[in-house]
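> Would you mind keeping the following structure in view while I ask a few things?
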């Protein structure tokens with residue numbers, strides 16, 4: 001009875017987390033797999049001023065120190081819709097035995113992905129504030145067509161982290177505030193890949209590895225206001241280890257390959273595929289140059305070289321030796337500039353431009369993560385509808401250009417290899433539309 005109840009509770013938690021993850025899915029994008037788009041004003045500014053603005057309840061996520069600037073209890077809820085143009089173009093150097101399928105739009109439902117977030121702050125006293133945030137800004141959700149040319153490298157690739165962050169902030173004096181939070185991240189991992197049986201009489205088999213786990217980290221922030229209307233913000237988010245480990249689940253493998261996998265201890269092997277959500281640092285500035293205009297900017301860094309993510313699959317089904325293939329990643333840098341303009345006392349107009357460097361090297365981009373460097377261009381508006389309520393909308397374009405893929409195999413598909421996967425994702429871009437509301441209770 002205890003085991004049954006334990007399994008039931010775990011299934012319920014997994015189901016709820018997956019529902020949140022789908023709503024907050026963070027598709028593979030620029031600067032790795034951490035997004036600044038989660039249902040707030042950030043897309044309209046291309047995240048400029050991320051750690052220094054502290055203008056609404058989303059500061060509970062972006063910089064907890066900013067909560068000391070907000071009065072009473074404030075709640076922000078936002079939703080967004082992303083459309084992504086991510087479709088593979090097959091090059092003539094791709095092994096003929098892999099066919100011609102391009103996989104379709106790999107991310108979301110025909111390229112569409114919903115998202116959002118929820119944030120709360122509460123001023124306990126003039127110097128103490130508490131906060132809470134729920135957002136899914138990490139990961140990727142891929143679903144290629146089963147017969148596409150890269151099926152021996154990935155068919156389905158879900159890696160999602162949903163963060164639940166309680167936080168606290170303390171105002172040291174009129175100029176300096178400090179904040180900190182605990183980041184409890186629920187991670188969901190699921191990879192599926194086709195297995196080459198290398199016999200004309202047999203269709204492809206499949207390997208799947210999945211797992212769910214919790215990871216823990218922390219956020220700290222500093223907000224300093226040297227003069228009225230000018231704020232400097234600095235945040236640090238620690239690394240979070242998602243120690244995924246799942247049983248290898250094979251299906252459709254022929255008798256010869258099944259016997260080989262059994263003899264090598266791979267047929268039901270437990271595979272460690274842990275991922276490390278990178279530590280990151282963001283420094284921001286916000287300054288009001290007049291009663292109408294404010295300028296802001298960011299410089300940020302993310303430690304993707306420690307990511308540790310792997311592809312699953314078998315390089316040579318005539319001599320299977322491993323079920324994983326390690327991938328290499330680079331640290332990324334982020335810069336952004338933005339502005340706010342107030343045409344009157346009710347409306348605020350936001351604009352921003354940002355660049356994020358790539359986390360993969362040139363042609364070594366994996367179809368498991370069809371993303372690299374990109375530009376962000378955002379715009380939005382916000383209206384103070386009453387003393388206790390304001391709402392806003394944003395639109396943002398993320399442009400990644402052409403992403404090349406050149407994955408070579410020692411063996412052609414006819415001999416049990418993965419084959420050569422050569423091509424790329426042409427003119428990659430994403431369009432983000434966001435609507436949010438912030439209530440002062």
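Read the figures in this text as sums done on the coordinates, not as results from a lab. Keep in mind it's a predicted model, so treat the numbers as computed, not measured. Here the Cβ is made from the backbone with ideal geometry for all residues, glycine too, and neighbour counts use every protein chain on show.
> Rounded if a/c is under 1.5, else prolate if a/b is larger than b/c, else oblate: which is the chain, with a ≥ b ≥ c the root eigenvalues of its Cα gyration tensor?
Note, shape of the chain comes out prolate.
> Multiply the residue gap between residue 184 and residue 435 by 0.36 nm, knock off their C-alpha separation, and tell me the result in nm, one decimal place.
87.8 nm
> Quick one: go through the stretch 57-92 and flag any residue whose amide nitrogen is under 15 Å from the point 7 Å out along the Cα-to-Cβ line of residue 391.
Zone members listed by number: 76-80.
> Separate question: Could you check the simple spin-label distance between residue 100 and residue 341, using points 7 Å along Cα→Cβ, in nm with one decimal?
About 5.1 nm separates the two model spin labels.
> What number, in percent, do you get for the relative contact order of the chain if the mean sequence gap of Cα pairs under 8 Å and at least 6 apart is divided by its residue count?
20 percent
> If R0 is 30 Å, what FRET efficiency do you get for residue 210 and residue 258 from their C-beta distance, rounded to 0.05?
So, using R0 = 30 Å, E works out to roughly 0.90.
> Defining a contact as two alpha carbons under 8 Å apart and six or more residues distant in sequence, what relative contact order in percent does the stretch 350-418 show?
32 percent
> Here's something else I'd like to know. Based on the Cβ-Cβ distance from residue 112 to residue 203, what FRET efficiency comes out when R0 is 30 Å, to the nearest 0.05?
Efficiency for this residue pair is about 0.45.
> Any chance you could run the full-extension gain for residue 268 through residue 173? It's 0.36 nm times the residue separation minus the Cα-Cα distance, nm to one decimal.
Gain in length upon complete extension: 28.3 nm.
> Take the Cβ-Cβ distance between residue 290 and residue 361 as r, set R0 to 30 Å, and report the resulting FRET efficiency rounded to the nearest 0.05.
That gives a FRET efficiency of 0.10.
> Per 0.36 nm of contour for each residue apart, how much would the distance between residue 89 and residue 415 grow if the chain were fully extended, relative to their Cα-Cα spacing?
114.9 nm
> Give the peptides 328-337, 250-259 in descending order of average Cβ contacts within 10 Å, highest first.
Packing proxy ranking, top to bottom: 328-337, 250-259.
> Using alpha-carbon positions, what is the distance between the centroids of the stretch 160-211 and the stretch 216-237, in Å?
25 Å
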